[in-house]
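The values are calculated or read from the model by the stated rules, or taken from the named source; none is laboratory data. Just so it is clear, the model here is predicted, and its values are computed rather than measured. With ideal geometry, Cβ positions are generated from the backbone for all residues, glycine too; neighbour counts draw on all protein chains shown. Each accessible area value is taken on the protein alone, full model and side chains, heavy atoms only, with ligands, DNA and RNA left out. Shrake-Rupley method; radii C 1.70, N 1.55, O 1.52, S 1.80 Å.
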Amino acid sequence: MVAWIGTIFGVLGAMLVASNSGVNDIGYIFFTVGSAFSLYNAVKIKDNAGITLWLVFFLINIFGIVSYLK
């Protein structure tokens, strides 16, 4: 279930950012939530490649939010 939550938030985040309709900030929040759930799932199943991927995505999303807030 955790993996599906990550997937749903990731897809919604992508759609919000790609829509270019002024909701990029919300899209980044959805991306961040999705990557956090996906990272948790990767840790849970001990998927080292997934842990690396989702940790990097999570950190990039945090960077995106911080950059947006400046």
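See the values below:
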| item | result |
| --- | --- |
| Computed FRET value (nearest 0.05) for residue 56 with residue 20, which takes r as the C-beta separation and R₀ as 35 Å | 0.90 |
| Sequence of 46, 70 from largest to smallest accessible area, 1.4 Å probe | 70, 46 |
| Residue 54 accessible area, assembled protein chains, probe 1.4 Å, Å² | 80 Å² |
| Accessible-area composition of the chain, carbon plus sulfur, in percent [1.4 Å probe] | 74 percent |
| Å² per residue, accessible surface of the chain at 1.4 Å | 68 Å² |
| Solvent-accessible surface (1.4 angstrom probe) belonging to residue 45, in square angstrom, nearest 10 | 110 Å² |
| Answer label, with semi-axes √(5λ) of the Cα gyration tensor in Å calculated from the coordinates and candidates [x] 31, 12, 10; [y] 22, 13, 7; [z] 19, 12, 11 | [y] |
| Spacing of the two label points (7 Å from each Cα toward its C-beta) at residue 49 and residue 67, in nm | 2.7 nm |
| Largest-first ordering by accessible area, 1.4 Å probe, given options 68, 28 | 68, 28 |
